[in-house]
Amino acid sequence: MLGVKILLQKILFLAIAGALGTLARYGMVSLMEKNPTTFLPWGTLSVNLIGCFLGGLVWAITEHKFHFSGDTSAIILIGFMGAFTTFSSFILETSEFMRNAEWIRAASNVLMQNVVGALALFAGFSTGGSILQKIQEL
C-alpha cells in the first residue's frame, strides 16, 4: 500500500509541475507575442531558448552541486520543463548522446525530430484541409 501512495504522490507532483510549466509557457508566449506580425514566433523561440538554458542549468546543478534524486529531477525536467517546452527535452536527450560520443544516435535524433516532425505537421495540415473540403462539399 505504501508503494501505491508513493506512486500517487509522484504523479501528483508531476501533474502540479506540468501545470506550472504550462502556465509559464502560456504567460511567456502571451508576453512575447503582442505583435503577431513579427518575422519570427518570438514567444515560442523564447520559451525554447529559456527551456534549454534552464534544462542545462538544472542538469549542471544536479550533476555537479546538488545530487537530486531521480524523482526530483523527473519532476523538474519532465513535469515543469516538459510542459514548458518539449524542445528542451529534445536538446537534453541529443546532448546526452553527443556527450557519450553517440554521434549516429545524436544525428538520427536531430533528423527524426525535425524532418519527421515537419512531415507530420504537413501531413496533419493536409489531412485537416481534406476533411474541411469534404465537409464543405456536403
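The values are calculated or read from the model by the stated rules, or taken from the named source; none is laboratory data. Quick caveat: nothing in here was measured; it's all calculated off a predicted structure. All Cβ positions, even for glycine, are placed from backbone atoms using ideal geometry, and neighbour counts span all protein chains on display.
Per-residue answers, yes or no, for (1) aliphatic (A, V, I, L, M); (2) under 17 Å from the mean Cα position of the chain (by Cα); (3) within 23 Å of LEU77 (Cβ to Cβ); (4) not assigned by TED's automatic domain parsing to the domain that holds GLY56:
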{"position": "LEU92", "(1), (2), (3), (4)": "yes, yes, yes, yes"}
{"position": "GLU96", "(1), (2), (3), (4)": "no, yes, yes, yes"}
{"position": "MET112", "(1), (2), (3), (4)": "yes, yes, yes, yes"}
{"position": "GLY117", "(1), (2), (3), (4)": "no, yes, yes, yes"}
{"position": "PHE125", "(1), (2), (3), (4)": "no, no, no, yes"}
{"position": "GLY128", "(1), (2), (3), (4)": "no, no, no, yes"}
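Looking at the stretch 44-58, can you tell me whether even one residue there is touching a Cys at 6+ places or on another chain (Cβ under 9 Å) and in a helix (DSSP H, G or I)?
Within the stretch 44-58, none of the residues are touching a Cys at 6+ places or on another chain (Cβ under 9 Å) and in a helix (DSSP H, G or I).
I'm trying to understand the selection: among the residues of the stretch 8-31, which are within 13 Å of ALA83 (Cβ to Cβ) and either small (Gly, Ala, Ser) or in contact with a strand residue (DSSP E or B) (Cβ under 8 Å, 6 or more places away or on another chain) (or both)?
ALA15, ALA17, GLY18, ALA19, GLY21, ALA24, GLY27
Mind checking whether some residue in the stretch 119-133 is surrounded by 15 or more Cβ atoms within 10 Å (Cβ to Cβ) and modelled with pLDDT under 90?
No, there is no match, as no residue in the stretch 119-133 is surrounded by 15 or more Cβ atoms within 10 Å (Cβ to Cβ) and modelled with pLDDT under 90.
Would you pick out the residues in the stretch 92-116 that are closer than 21 Å to ASN48 by Cα, modelled with pLDDT of 85 or more and hydrophobic (A, V, I, L, M, F, W, C)?
PHE97, MET98, ALA106, ALA107, VAL110, LEU111, MET112, VAL115, VAL116
Do the conditions hold for THR62, that is, is it touching a Ser or Thr at 6+ places or on another chain (Cβ under 6 Å) and assigned to a helix (DSSP H, G or I)?
For THR62, the condition - touching a Ser or Thr at 6+ places or on another chain (Cβ under 6 Å) and assigned to a helix (DSSP H, G or I) - is met.
On the basis of being outside the structural domain of PHE13 (by TED's automatic domain parsing) and closer than 25 Å to MET28 by Cβ, does LEU121 make the cut?
yes
Among the residues of the stretch 59-72, which ones are modelled with pLDDT under 80 and touching a helix residue (DSSP H, G or I) at 6+ places or on another chain (Cβ under 8 Å)?
So the first thing to find is which residues in the stretch 59-72 are modelled with pLDDT under 80, and the list is 59-70.
Hits for the stretch 59-72 are TRP59, THR62, PHE68.
For the stretch 68-83, does any single residue satisfy the condition of being loosely packed, with under 15 Cβ neighbours inside 10 Å, assigned to a loop (DSSP other than H, G, I, E, B) and hydrophobic (A, V, I, L, M, F, W, C)?
No, the stretch 68-83 contains no residue that is loosely packed, with under 15 Cβ neighbours inside 10 Å, assigned to a loop (DSSP other than H, G, I, E, B) and hydrophobic (A, V, I, L, M, F, W, C).
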